[in-house]
Amino acid sequence: MKVKVISRAQSTVSRATNRDIRPEHRNLDPLAHPQSRAREYVRAVTAAKLDRMFAKPFVGELRGGHVDAVSALAVCRTSLCPAVTGCVDGSVRIWDLQRRNMVASLDGAHSRVVTGLVFGNGVDGFVYSCGEDGVVRSWCVFPGQYTGGAGVDDEDDDGDDGYGKKPKAHDNKYDKRKGRDRNATFDSSSNTGPSSPHGPLSVYRLPTSRNNKHHQQQVAFHSIDHHWSEPRFATSSSDAAVHVWDPERSVPICNFDDLWGGDDTVTVVRYNPSERDLIAHVSSDRGIGLHDARTSSPLKKTIMSMRSNCLEWNPMEPFVFAVGNEDHNAYTFDMRKMHRPTGMYRGHVGAIMSLSWSPTGTEFATGGYDKTMRIFSVRKDAGSGGGPTASGSARDVYHTKRMQRVFCVGYTSDHKYILSGSDDSNVRLWKARASEKVGQLSVREETSLRYRQALVQKYAHLPEVKRISKSRRVPKFVKKGTQAAIVQKEKRRRVEGNVVKHSKPGSTKFTDDKAKAIIRTVD
């Protein structure tokens, strides 16, 4: 006689801990579950509601903030902890993101507005700052690791200064408990040693020349960017030029003075992540240009209908870059086909002042003059909650009652958090995923989270799930501005339709919004 015995492994029938749920064996036969699709839909609606219920993106502000508007921000590419911000009053502050406190306040780092900050490409923690005072200065966020330079003592130190080493105990200028210099000040008119171990380590200025009409007056720097793999950095200035610097030399090693014969201020300059000698810049003549630093020659230039305020390369797809424009939209371009943007991202009701790509290259964050920060996904599978992705609308909108115009944003290296600096002198820390739990997740939590995300993505096209996933509360003036923009767009479309209708057949055609954004291209 044959006896059939059900045999199961011990791990499938026993609990891992006494507090764990007892495992249940389910029959996966579809015939045993005639209402499975209806139940899945109810779960999808519930998952969409839970995603919005737990959406609390604001983590907190960085304590000990600036006293004026935050004009520049830099996040380290090789480390998670340090971040540096610059202010309109010329001060620079170094932050520890792990503790959310200030490591050093470098008051008087510049005599005028700090317009650019960037970390070096190494692990030494070098930071370069530029301002409208026409000076570039280098700093070190890990002063204990720096063995030379101005204002740094070569003797050995013991302790911790927030990252690595602490200043000497006999020096009463430093706070021993916090490990930072509370009264670091600098004389902008001299190059003497600083009163802080963070620097400045070096000072860079453009050489003056009586034959050059631009250099007879003070030249203001508007942007700075460091090379991704080599020890050099580039600056853009008000003399309609892009300058390439070597940190070991006090004068530029290369100048781009004749940019397509224009005499307009270069406001943004960015190195390409993979092409070692490719530089992109934005100028005040509404142009976006590419030029080769190896041959010192311009490549191509695109003139847009309105001026762009920011430009960033995609770190994962280096042939793609995004710009934030004065027409309240963000555009993505393929550097091989700059005659037309590949994507157009709407939602802001004010000019886009800053932009930052996620390290994954699947989304970017924008900060606008409308006091909001928006996150756009560039891939259809990049959304976590099944919301509007890769459709030109924002995946999420962040704002607070007290937050003013957002001048700078930046992703952290682990793409989990976003920093924003605004006109109200605050530096805020946000979660990149509004409903994501901070901390370690258990196996059950991860499984449940992935299941809910898959359900919302599967039923995202249905009205109920779509309405819940897209619902966002925005300030009243943003809502009114959005409604006014819709009315204006419909009016323009109606006028264009009447022109096409009453024109000679074939002489006038409809023009899409992407084509309207481009005026012409220059080779």
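The values are calculated or read from the model by the stated rules, or taken from the named source; none is laboratory data. Everything numeric here is computed off the predicted structure, so don't read it as measured data. FYI the Cβ positions are ideal-geometry reconstructions off the backbone, even for glycines, and counts take in every protein chain you see.
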Any residue at all in segment 46-55 that is part of a loop (DSSP other than H, G, I, E, B), surrounded by 11 or more Cβ atoms within 10 Å (Cβ to Cβ), under 42 Å from the mean Cα position of the chain (by Cα) and modelled with pLDDT of 85 or more? yes
Scanning segment 236-258 for residues that are outside any strand (DSSP E or B) and either touching a residue at least 60 places away in the same chain (Cβ under 8 Å) or surrounded by fewer than 17 Cβ atoms within 10 Å (Cβ to Cβ) (or both) gives D246, P247, E248, R249, S250, V251, I253, D257, D258
Criterion: modelled with pLDDT of 90 or more and either crowded, with 20+ Cβ neighbours inside 10 Å or in a strand (DSSP E or B) (or both) - qualifying residue of G347, G385, G361: G347
For segment 473-490, does any single residue satisfy the condition of being of a type outside the set (F, W, Y), assigned to a helix (DSSP H, G or I), without any contact (Cβ under 8 Å) to a residue 60 or more places away in the chain and closer than 17 Å to M53 by Cα? no
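This table checks each residue for (1) under 20 Å from I375 (Cα atoms); (2) among the aromatic types (F, W, Y); (3) over 27 Å from the mean Cα position of the chain (by Cα).
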| residue | (1), (2), (3) |
| --- | --- |
| Q440 | no, no, no |
| Q457 | yes, no, no |
| H502 | no, no, yes |
| K516 | no, no, no |
Are there any strands (runs of 3 or more DSSP E) wholly within segment 397-464 with 1 or more residues that are within 30 Å of R63 (Cα to Cα) and polar (S, T, N, Q), and if so which? 417-422
Can you give me the ranges of the strands (runs of 3 or more DSSP E) entirely in segment 65-113 with at least 2 residues that are without any contact (Cβ under 8 Å) to a residue 60 or more places away in the chain? 82-87, 92-96
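Condition (residue is under 30 Å from N121 (Cβ atoms) and either at pLDDT below 90 or in contact with a strand residue (DSSP E or B) (Cβ under 9 Å, 6 or more places away or on another chain) (or both)) applied to segment 440-460: is it met by at least one residue?
no
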Test set (1) modelled with pLDDT under 85; (2) outside any helix (DSSP H, G or I) - S11 fails condition number: (2)
Write out, first by first residue and then by second, each pair whose Cβ atoms fall under 6 Å of each other, whose residues are 6+ apart or on separate chains, and whose first residue, in segment 41-52, is more than 14 Å from R450 (Cβ to Cβ) while the second is small (G, A, S) and surrounded by 15 or more Cβ atoms within 10 Å (Cβ to Cβ). A48/S469
